[in-house]
């Protein structure tokens, strides 16, 4: 399976494109009978969290075989971040992210997520919760 497009998106720091790219490649792999042993599950899950697509992240997590969940500690660490986001525990997001030694594929992505990604998620949450509050943005939060 050719994952060069995923690696290119990570290298280019095009994080907002990763969720749809990973979804599409995973569907192609499944339809063509490729094994997904080398699939970047952690990147895929974090990509959904980065664009604040918690429903897709939860669905992706639930669709994973238990063996994959049990044998990939980095994936479990990304899921802990997702659980904190689901509960809107933003302090817990930072704690979960900083409490794990991320591999080279995810280190920059996690840093970006904790920066602009999380800031945009919090801003969107505030705007949604308080519809009459207008938040002046100095960030480009068009992540999806």
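Quick note: the coordinates plus some simple rules give every number you see, no bench work behind them. Since the structure is predicted, the reported quantities are computational estimates derived from the model, not experimental observations. A quick note on method: Cβ atoms are made from the backbone with ideal geometry, for glycine too, and the neighbour counts reach across all protein chains shown.
Computed values, structure above
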| quantity | calculated |
| --- | --- |
| Number of the condition not met by residue 51 [criteria: (1) more than 14 Å from residue 121 (Cα to Cα); (2) crowded, with 20+ Cβ neighbours inside 10 Å] | (1) |
| Residue count, region 81-102 (criterion: in a helix (DSSP H, G or I) and closer than 13 Å to residue 113 by Cβ) | 10 |
| Region 9-24 residues that are within 13 Å of residue 51 (Cβ to Cβ), paired with ones that are assigned to a loop (DSSP other than H, G, I, E, B) (beta carbon under 7 Å, 6 or more apart) | 16/51; 16/143; 16/144; 19/51; 19/53 |
| Search result, residues across region 4-50 that are over 21 Å from residue 76 (Cβ atoms), touching a helix residue (DSSP H, G or I) at 6+ places or on another chain (Cβ under 7 Å) and assigned to a loop (DSSP other than H, G, I, E, B) | 13 |
| Tally, over region 51-72, of residues that are part of a helix (DSSP H, G or I) and without any contact (Cβ under 8 Å) to a residue 24 or more places away in the chain | 11 |
| Every residue from region 103-117 that is touching a helix residue (DSSP H, G or I) at 6+ places or on another chain (Cβ under 8 Å) and either touching a residue at least 40 places away in the same chain (Cβ under 8 Å) or closer than 19 Å to residue 72 by Cβ (or both) | 103, 105, 106, 108, 109, 110, 112, 113, 117 |
| Residue check, residue 100 in contact (Cβ under 8 Å) with a residue 40 or more places away in the chain, closer than 20 Å to residue 39 by Cβ, touching a helix residue (DSSP H, G or I) at 6+ places or on another chain (Cβ under 9 Å) and surrounded by 15 or more Cβ atoms within 10 Å (Cβ to Cβ) | no |
